[in-house]
Amino acid sequence: MQEFDLVVIGSGPAGYSGAIRAAQLGMKVACIEKRNTLGGTCLNVGCIPSKALLHFSKKYYEVTNHFADLGIITDAKLDLPKMLVKKNQVVAELCKGIESLFVKNKITKFNGTATLISNNVVEINNGKTPQQISTKNILIATGSEIVEIPNITVDEEFIVSSTGALKLKQVPETMVVIGGGYIGLELGSVWNRLGAKVTVVEYADSIVPALDKEVGLQFTKILQKQSIELRLSTKVLSAEKKSGKVILQLEDLNNKTPQQITADIVLVAVGRKAYTANLGLNKLGIEVNKQNKIIVNEHFQTIIANIYAVGDVIAGPMLAHKAEEEAIAAVEIMNKLAGHINYHLIPSVIYTCPEVASVGFTEEQLKEAKIDYKVGKFPFLANSRARATTNTDGIVKILADSVTDKVLGAHIIGPDAGTLIAEMVAFMEFGASSEDIARTCHAHPTLNEAIKEAALAIEKRTINM
């Protein structure tokens, strides 16, 4: 039986990051992955391919809708099969990159599913004779899987999950997206740009309810301006495939009236759930909560001290970067180091166009907590770089304590918001005040200047508005 210091179950962002960090710290590491390629859901059928298609579809949309305004006359045509091939190439190259990192760090890879036999023995099943390996520590990083809706069966042909939505063979004339969260809005945006008529059906009374309300309202208006129809406060009752179409029965939750909508493709994007199938948690007495997420302490340990869990299988937002940070912290804790995460400063990003990004408190949370605060806002319409690149939708919004001026939250909707938010995370990690940001020199002309101007707006002294 092969022996290891650490066995990592899952090779997604949490798994491969934790495995590499453990190897850097001198541990003998093995990683078990059920897919033939490394990278988990995020790299294979999630974050990376969706961002590739978001980028490609944005380019196509710009060529067909905006290039003429810039004096560039084109006769662009969509070659969807070639676009999907390019998306697959991006994924394959990154998968190979992780393979090379495993080789570089001398990490042993096993292909198959994992079952915990004891706190020191893991069994690997890949359709052949089961193999057991022993280990001093175990890190569970198995990620998540899609949530399905009662009375709706995903067939990945007419009714698709996010996985199926990444490989449609043709652009549908009509698409209904069930779920107005990150995944649904991103993938809906892809097919909207490529020519589909997209309708988003959301149970709640707003899209992405966790957003700062003001930003969420502006986001809603922008999506509607892009011809994405939003049906809020609407429940999906059933779906029936008929004559190459999908007929959805809906209910308006405000007046309880029935509705019906027909689409070529229906995308089910109502969230994800922890993936812990066949791990053998019950047999070892490892506890899970009502959402089937593994219960861990502040050191990411389960009820069994040398079995750790991180990422989507434990509490908290299902974000790849959150999972990475947890895995690295858990491995450092195993090695008696001070692994730590500031959960209040984990940024979230929606990669639509424009992007939406946030960190820290929303206005609604500050009001609920009865914290006095000041608001500074600056529109990209008044930012010279945004005007020069014709990307003027959105704002930067900064919330600061009314007494100490410490920045409590930041919300950006606009071009490259996912990149811009990193500046705010860094400032907030070091406890910055809005005055600190306002007095920090920002290069001109850049989008980042909108952050400085929003900080200046806290004390009503913006320069460019």
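Structural remarks
- From phi via Karplus (6.51, -1.76, 1.60), per-residue ³J(HN,Hα) for the stretch 247-264 in Hz, x at Gly/Pro: 9, 9, 9, 10, 9, 6, 6, 6, 10, 6, 8, x, 9, 9, 9, 10, 9, 6
- Nonlocal amide H pairs with ILE395, under 5 Å, H built at 1.01 Å: PHE380, ILE413
- Amide H within-cut-off set for SER433, under 5 Å, with H built and near neighbours excluded: VAL407
- The stretch 159-270: equivalent-ellipsoid semi-axes (sqrt of 5 x gyration tensor eigenvalues, Cα, Å): 21, 18, 11
- Cross-linked pairs LYS336/LYS406; LYS104/LYS322; LYS235/LYS322: Cα-Cα separations exceed 27 Å for LYS336/LYS406; LYS235/LYS322.
- Across the stretch 443-452, computed HN-Hα scalar couplings (Karplus, 6.51 cos²θ - 1.76 cosθ + 1.60, θ = phi - 60°) run 4, 10, x, 9, 5, 4, 4, 5, 5, 4 Hz from first to last residue, x flagging Gly and Pro.
- The Rg/Rh ratio for the stretch 287-356, using Cα coordinates for both the radius of gyration and the Kirkwood hydrodynamic radius, is 1.04.
- The stretch 159-270, relative contact order [Cα under 8 Å, separation at least 6], %: 34 percent
- Amide H contacts under 5 Å for PHE110, placed H, 5+ residues apart: CYS31, ILE32, GLU33
- Two-site FRET efficiency, GLN132 against ASN111, from Cβ-Cβ distance with R₀ of 22 Å, rounded to 0.05: 0.90
- Structure-based [θ]222 nm, the chain - -39500 (n - 2.57) summed over DSSP H runs of at least 4, per residue, nearest 500: -9500 deg cm²/dmol
- Kirkwood radius and radius of gyration were both taken over the C-alpha atoms of the chain, and their ratio Rg/Rh is 0.98.
- Only Cα pairs under 8 Å and 6+ residues apart enter the sum, and on that basis the relative contact order of the chain stands at 14 percent.
- By the rule of a second cysteine Cβ within less than 4.7 angstrom, the chain holds isolated cysteines at CYS31, CYS95, CYS353, CYS441.
- Rounded to the nearest 20 debye, the dipole magnitude of the chain is 820 debye, with +1 charges on Lys and Arg beta carbons, -1 on Asp and Glu beta carbons, and the Cα centre as origin.
- Environment charge at THR362 (Cβ cut-off 10 Å; Lys +1, Arg +1, Asp -1, Glu -1): -2
- Dipole in debye (nearest 20) - the stretch 159-270, about Cα centre, beta carbon charges: Lys, Arg +1; Asp, Glu -1: 340 debye
- Reported to the nearest whole Å, the Cα centre-to-centre distance from the stretch 63-132 to the stretch 199-274 is 30.
- Relative contact order of the stretch 126-224, pairs being alpha-carbon contacts under 8 Å that are 6 or more residues apart, as %: 18 percent
- The 3J(HN,Hα) values that the Karplus relation (6.51, -1.76, 1.60; θ = phi - 60°) gives for the stretch 419-430 are, in residue order, 7, 4, 5, 4, 4, 5, 4, 5, 4, 5, 4, 9 Hz. Gly and Pro appear as x.
- Burial ranking of peptide ranges 66-77, 252-263, 267-278, 86-97 (average Cβ count within 10 Å, highest at the top): 267-278, 86-97, 252-263, 66-77
- Partner lysines whose Cα lies under 19 Å from the Cα of LYS82, excluding those fewer than 8 positions away in the same chain, are identified as LYS51, LYS58, LYS59, LYS167, LYS169.
- Simple Cβ-charge dipole of the stretch 65-187, Lys/Arg +1 and Asp/Glu -1, about Cα centre, in debye nearest 20: 800 debye
- For the chain, the residue among GLY112, ASN383, SER11 whose Cα projects farthest onto the positive side of the dipole built from Cβ charges is GLY112.
We did not get these values from a lab; they are worked out from the coordinates using the rules stated. Bear in mind the structure is a predicted one, so any value in this text is a computation, not a measurement. FYI the Cβ positions are ideal-geometry reconstructions off the backbone, even for glycines, and counts take in every protein chain you see.
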